[in-house]
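Working notes, structure below.
The values are calculated or read from the model by the stated rules, or taken from the named source; none is laboratory data. Bear in mind that the values here come from a model prediction, so they are computed numbers and not experimental data. Cβ: placed from backbone, ideal geometry, glycine included. Neighbour counts: every protein chain shown. Areas reflect the complete protein model, heavy atoms only, side chains present, ligands, DNA and RNA absent. Shrake-Rupley method; radii C 1.70, N 1.55, O 1.52, S 1.80 Å.
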Amino acid sequence: MNTVLKPLPGRGRVTDTKGVSTEASNKDLAQRINAVDWHDVEEDLNQHGSAMLPGLLSAKECDALAALYARDELHRSRVVMARHGFGRGEYKYFDYPLPDLVDALRTSVYPRLAPVANRWNEIMRIDVRYPAQHADFIQRCHAAGQLRPTPLILQYCKDDYNCLHQDLYGEHVFPLQLAILLSEPGEDFTGGEFVMTEQRPRMQSRVEVVPLRKGDAVVFAVHHRPVQGTRGSYRVNLRHGVSRLRSGHRHTLGVIFHDAL
């Protein structure tokens with residue numbers, strides 16, 4: 001039976017998203033991405049498993065993206081976390097074609113991270129290597145049956161939280177992902193910190209809290225990362241989640257670079 005692939009990112013884009021997708025805004029985003037010190041990002045990833053990109057999105061872009069949560073025609077599925085033991089709150093996965101800004105983030109950030117991912121796999125003696133361009137990696141996912149897009153928006157209310165987890169979804173996993181806070185701590189919500197844990201062999205878990213503000217992004221390890229020890233490099237296992245909201249509402253954009261089965 002022939003498999004019909006959905007449009008690849010960047011083809012047949014959604015263009016009626018009220019300011020989320022304009023040529024000028026995407027050009028401005030590209031300039032912001034180019035202005036990031038990616039050497040420092042890699043250093044932070046190597047040292048801590050995560051790296052902040054302050055002010056990656058404007059407040060207007062954050063508000064426009066958060067407003068897309070209510071537009072069911074843009075999403076392929078809705079997940080209520082409590083039904084699956086994932087925590088409390090909910091999230092929706094975008095369907096293809098992705099909104100322009102989401103697509104631009106996915107395709108523009110990936111080439112900056114692919115060299116890091118390849119260096120990590122070399123250090124960890126993992127044979128997989130990642131192509132320079134995101135479209136080529138997505139073709140690899142689709143050829144393996146991973147056809148469903150994974151970028152998503154998460155929505156939290158008072159007392160909601162997200163349990164520690166890993167976003168794997170299939171055989172082909174890109175080892176880094178991006179999350180962008182779309183709400184302002186202290187104004188829109190309290191609590192709700194982005195949290196990571198790292199489990200090193202024969203050691204207790206290390207906890208990292210990333211102090212995001214509205215528009216800030218964090219790049220972080222999906223599953224494993226290499227750590228240099230006294231006897232060489234070894235792998236550590238990472239998970240991420242969100243602590244309990246004390247009040248208000250919180251939205252987050254998650255940009256995962258591999259597609260799902």
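Kindly rank 60-66, 252-258 from highest to lowest mean number of other beta carbons found within 10 Å of each residue. List each step's numbers first, then the result.
Values: 60-66: 19.1, 252-258: 22.9.
Descending packing order for the listed peptides: 252-258, 60-66.
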Between beta-carbons, use under 12 Å as the cut-off and find the net charge around Tyr169, counting Lys and Arg +1, Asp and Glu -1. -2
Rounded to the nearest 500, what is the 222 nm mean residue ellipticity of the chain from helices alone, with -39500 (n - 2.57) per DSSP H run of 4+ residues and division by all residues? -8500 deg cm²/dmol
Whole-number percent relative contact order across region 180-261, with pairs defined as alpha carbons under 8 Å at least 6 apart: 43
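Relative contact order for the chain using alpha-carbon pairs under 8 Å, separation at least 6, rounded to a whole percent?
Relative contact order for the chain comes out at 26 percent.
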Using a 1.4 Å probe, what is the accessible area per residue for the chain, in Å²? 48
Summed side-chain charge close to Tyr130 - residues other than Tyr130 whose Cβ falls under 10 Å, Lys, Arg +1, Asp, Glu -1: +1
Taking region 170-228 and dividing mean pair separation by its residue count, relative contact order in percent (alpha carbons under 8 Å, at least six apart): 46
Treating the beta-carbon of each Lys and Arg as +1 and of each Asp and Glu as -1, no other charges, what is the dipole magnitude of the chain about its Cα centre, to the nearest 20 debye? 700
Of region 224-258, those with amide N under 11 Å from the point 7 Å along the Cα→Cβ vector of Arg140 are 258
Taking springs between alpha-carbon atoms closer than 10 angstrom, which of Glu187, Glu171, Glu122 fluctuates most in the Gaussian network model of the chain? Glu187
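Report in % the part of the accessible area of the chain that belongs to carbon and sulfur, leaving out ligands and nucleic acids; probe 1.4 Å. The partial results should precede the final answer.
On the way: 6140 of 12410 Å².
About 50 percent, which is the carbon plus sulfur part of the accessible surface.
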Within region 77-118, what residues put their amide N at less than 17 Å from the label point 7 Å along the Cα-to-Cβ vector of Asp40? none
Count of Lys pairs (Cα-Cα under 27 Å; at least 8 positions apart or interchain) in the chain: 16
Just name one of Asn118, Thr150, Ala132: the one whose Cα is farthest towards the positive end of the charge dipole of region 109-158 (beta-carbon charges, Lys/Arg +1, Asp/Glu -1). Thr150
Springs between alpha-carbon atoms under 10 Å, Gaussian network over the chain: tell me which of Gly170, Gly49, Gly89 tops the mean-square fluctuations. Gly170
Can you tally the net charge around Met81? Count Lys and Arg as +1, Asp and Glu as -1, for every other residue whose Cβ sits under 14 Å from the Cβ of Met81. +2
